[in-house]
Amino acid sequence: DMDDALRTAGYRVTACSSGFAAVEAAQEQSFDLVVADIRMPGMDGLAALEKVRSVLPHMRSIVVTGFAAESDSIRAVRLGVGDYLRKPFRLEEFLGAVGRQLELCQAEKKRAGRELNLRRAALWGMENLTREVCAGQEPVAHSRLAFRVAQELGVVSEAAEEIQQALLARVLPERFSRSG
């Protein structure tokens, strides 16, 4: 049984009896990995995975099946399934897939944390730079300069816009509190 094997290997497991139960569980708590069988009562595993992903978009996944239909393989690829195991498979193969997916999950969390820290540092730096350069100018000039500097540094356009908006959100209230 996969649940027992995962628990024996030291993983915390929430077993669900159906795709509907998995979707409900994902709405109540966060998971790093979902293992789904394609053929399940009610909602099939891929449909359940798609619904769970709408709640937990960064969650990793493994799909297992005893029925290797090409259409299911294509759906799995489109959903971005991390691993696809055909039954029968060896327990070591399954645990290896779980380990790989959880390593990828941890790497993604670390990358996201570094990115968040970089955005915070960029915002702080831009805020200080624009205050020095744009002293006495309108707040919009501050945010425009921050946006241009972020673009020149190669910050993704979306992140540059976030920096510009965050800077405006910080500078405008300060400007109004000083003038009032």
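What does the C-alpha gyration tensor say about the overall shape of the range 17-91? Classify as rounded when a/c is under 1.5, otherwise prolate if a/b is larger than b/c, or oblate.
Prolate.
In Å², what does the accessible area per residue of the range 1-103 work out to with a 1.4 Å probe?
On a per-residue basis, 58 Å².
Explain nothing, just the number: dipole magnitude of the range 1-129 about its Cα centre with +1 on each Lys and Arg Cβ and -1 on each Asp and Glu Cβ, in debye rounded to the nearest 20.
420 debye
Mind grabbing the accessible area of residue 81 for me, 1.4 Å probe, Å², rounded to tens?
Surface open to solvent at residue 81 totals about 30 Å².
What full-extension length gain, to one decimal in nm, is calculated for residue 30 and residue 68 as 0.36 nm per residue of separation minus the Cα-Cα distance?
10.7 nm
Sorting 73, 30 by accessible area (1.4 Å probe), largest first, what list results?
Per-residue accessible area, sorted high to low, gives 30, 73.
Taking amide H atoms as placed 1.01 Å from N in the peptide plane, list the residues 5 or more away in sequence, or in a different chain, whose amide H sits under 5 Å from that of residue 35.
Counting only residues 5 or more places away or on other chains, the set is 62.
Among 73, 107, 36, flag the residue with its Cα farthest along the positive direction of the charge dipole of the range 23-124, charges on Cβ as +1 for Lys/Arg and -1 for Asp/Glu.
107
For an R0 of 35 angstrom, estimate the FRET efficiency from the Cβ-Cβ distance between residue 100 and residue 152 and round to the nearest 0.05.
0.35
The values are calculated or read from the model by the stated rules, or taken from the named source; none is laboratory data. Just so we're clear, the structure is a prediction, and the values are computed from it rather than from any experiment. We place every Cβ from the backbone using ideal geometry, glycine too, and count neighbours over all the protein chains shown. To get the accessible areas, we keep the full protein, side chains included, count just its heavy atoms, and leave off ligands, DNA and RNA. Shrake-Rupley method; radii C 1.70, N 1.55, O 1.52, S 1.80 Å.
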